[in-house]
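Let me begin by presenting the structure, written as structure tokens, before commenting on it.
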Amino acid sequence: MMGSDNLTEKKMIPIGVLAIIFIAFIVIANLLDNKSLNGIKRKPVGQGQYGTARWASKSEIKKTFVSLPFEPEKWRKGVDLPTVQGTVVGCRSSGKKTFALVDEGDVHTLMVGAAGVGKTAYFLYPNLEFACASGMSFISTDTKGDVVRNYGIIAKKYYGYNVSVLDLRNPTRSDENNILHLVNKYMDVYLSDKRNISAKAKAEKYAKITAKTIIDIGGGSESSGANAYFYDAALRRLNLISKQKPRPTFRSLWKSFRRSIKRNGLRGRH
């Protein structure tokens, strides 16, 4: 009997230790829960902290943001298009309708979330839809190509947007852009009406901007060093080439450059 009692006491000691640990765990969990965000009241911070940060009240949210029906089905048909522009920062539901909260301020917005929480589907796509419906221009980074596949077609088909793609991985798949477009545009206006001096001035201005963009990539003559004279000469020459009378067969910078070389009788490595 004595041996049996000793065995029972040896079994009870580990059980008692486990029970104490379990009770301590429950007490600690309750204490930590009281320090979580659930215990934060909507009032200015205190206890040695600085500032007046707090959660916004419903009246403040209503005053700060514009609430409007989020109805892409109607927008894509050209019906009830939004008259305000901004960023969709949230939404609320009322029955079967969804109302978007739009921030009209000209401010930056940062969306932070882990992978898979819906940053693209539930934040970016609604903002793109609203941007298209309200007539805003926008640029979107698209590393996976989902944005242009999903919303590029919608923006072009339903809202009449001109969608351009710049693919840095495959530059040949990017949309083309002629940097002499504005030069050609205003020069054509001037050629159709020689009295329109304003159009000629704009063509020359954009020709100068184009030439400076190509030659002074480094930021000016300071970075040219001993080659400053050659850079300045190239800038003046390219500026003259860009302002030459455009013809239907010479509408790009490279063709204009080749035409200039041929006209001046330059050969070989020049």
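The values are calculated or read from the model by the stated rules, or taken from the named source; none is laboratory data. Please read these numbers as outputs of a predicted model, since none were measured by experiment. As a convention, Cβ positions derive from the backbone with ideal geometry for all residues, glycine included, and neighbour counts pool all protein chains shown.
For the range 106-122, the count of residues that are in the same structural domain as Lys77 (by TED's automatic domain parsing) and touching a Pro at 6+ places or on another chain (Cβ under 8 Å) is zero. Beta carbons closer than 6 Å, at least 6 apart along the sequence or on distinct chains, pair a first residue in the range 55-78 that is at pLDDT 90 or above with a second that is in a helix (DSSP H, G or I) and surrounded by 15 or more Cβ atoms within 10 Å (Cβ to Cβ) for Pro72/Glu129; Trp75/Ala133; Arg76/Tyr158. Within the range 146-161, residues that are outside the structural domain of Thr120 (by TED's automatic domain parsing) and free of Cβ contacts under 8 Å to residues at least 24 places away in the same chain reach no partner that is assigned to a helix (DSSP H, G or I) and among the aliphatic types (A, V, I, L, M) with beta carbons closer than 6 Å at six or more positions or on different chains. Give the residue, chosen from Gly160, Gly118, Gly86, that is crowded, with 16+ Cβ neighbours inside 10 Å and modelled with pLDDT under 95. One residue alone meets the criteria, Gly86.
Each row is one residue, and each column tells you yes or no for (1) within 30 Å of Leu128 (Cα to Cα); (2) of a type outside the set (A, V, I, L, M); (3) modelled with pLDDT of 85 or more.
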{"residue": "Val165", "(1), (2), (3)": "yes, no, yes"}
{"residue": "Pro171", "(1), (2), (3)": "yes, yes, no"}
{"residue": "Asn178", "(1), (2), (3)": "yes, yes, no"}
{"residue": "Ile197", "(1), (2), (3)": "no, no, yes"}
{"residue": "Lys202", "(1), (2), (3)": "no, yes, yes"}
{"residue": "Ala207", "(1), (2), (3)": "no, no, no"}
{"residue": "Thr210", "(1), (2), (3)": "no, yes, no"}
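In summary, Glu129 fulfils each of the numbered conditions (1) among the acidic types (Asp, Glu); (2) loosely packed, with under 13 Cβ neighbours inside 10 Å; (3) touching a Pro at 6+ places or on another chain (Cβ under 7 Å) with the single exception of condition (2).
Filtered by the rule that a residue be within 21 Å of Val102 (Cα to Cα) and modelled with pLDDT under 70, the range 44-54 gives no residues.
Would you confirm whether or not the range 201-208 contains a residue that is in a helix (DSSP H, G or I), of a type in the set (Lys, Arg), over 30 Å from Gly145 (Cα atoms) and without any contact (Cβ under 8 Å) to a residue 24 or more places away in the chain? Yes, the range 201-208 contains a residue that is in a helix (DSSP H, G or I), of a type in the set (Lys, Arg), over 30 Å from Gly145 (Cα atoms) and without any contact (Cβ under 8 Å) to a residue 24 or more places away in the chain. Restricting the range 133-150 to residues that are at negative phi and over 14 Å from the mean Cα position of the chain (by Cα), the residue that is surrounded by the fewest Cβ atoms within 10 Å (Cβ to Cβ) is Lys144. Residues satisfying the criterion are absent from the range 82-98 (criterion: farther than 21 Å from Tyr158 by Cβ, among the basic types (Lys, Arg) and part of a helix (DSSP H, G or I)).
Of the residues Leu166, Leu128, which single one is outside any helix (DSSP H, G or I), under 17 Å from the mean Cα position of the chain (by Cα) and not β-branched (Val, Ile, Thr)? That would be Leu166, the only listed residue that is outside any helix (DSSP H, G or I), under 17 Å from the mean Cα position of the chain (by Cα) and not β-branched (Val, Ile, Thr).
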